[in-house]
Amino acid sequence: MTTIPNASALPVTWWKSSASGAQSDCVECGIVDTTTVAVRDSKNPTGPAVLFGRDALSAMVGAVAAGTL
């Protein structure tokens, strides 16, 4: 896992889930390359981003959805 200090410096298009609606407490994701996804806090677009491998991010989201994380 890698942290980028300024998420806005990444050459990605950020998006958040359509289920988040107008809520401001969201994370945003951006595809960095074929194996890496960046995640940042939507309230702080120039703050840090964490880079995850796609498999690791998928496993984390699955664990959160299952209530095991």
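The values are calculated or read from the model by the stated rules, or taken from the named source; none is laboratory data. Only a predicted model underlies this, so the values are computations on that prediction, with no experimental measurement involved. All Cβ positions, glycine included, derive from the backbone under ideal geometry; neighbour counts span all protein chains shown. SASA here: full protein model, heavy atoms, side chains in, ligands and nucleic acids out. Shrake-Rupley method; radii C 1.70, N 1.55, O 1.52, S 1.80 Å.
Quick notes
- Scanning the range 32-59 for residues that are among the β-branched types (Val, Ile, Thr), within 20 Å of LEU69 (Cβ to Cβ) and either open to solvent by 60 Å² or more (accessible area, probe 1.4 Å) or in contact with a Lys or Arg (Cβ under 7 Å, 6 or more places away or on another chain) (or both) yields one hit, VAL37.
- Among residues of the range 9-21 that are of a type in the set (Ser, Thr, Tyr), those with a Cβ under 9 angstrom from a residue that is open to solvent by 80 Å² or more (accessible area, probe 1.4 Å) and not in a loop (DSSP other than H, G, I, E, B), sequence gap 6+ or separate chain, pair up as THR13/ILE31; SER17/VAL27; SER20/VAL27.
- Residues that are without any contact (Cβ under 8 Å) to a residue 24 or more places away in the chain and closer than 17 Å to MET1 by Cα, drawn from the range 42-56: GLY53, ARG54, ASP55
- The number of residues in the range 6-31 being in contact with a Leu (Cβ under 9 Å, 6 or more places away or on another chain) and either open to solvent by 80 Å² or more (accessible area, probe 1.4 Å) or more than 18 Å from ALA59 (Cα to Cα) (or both) comes to 1.
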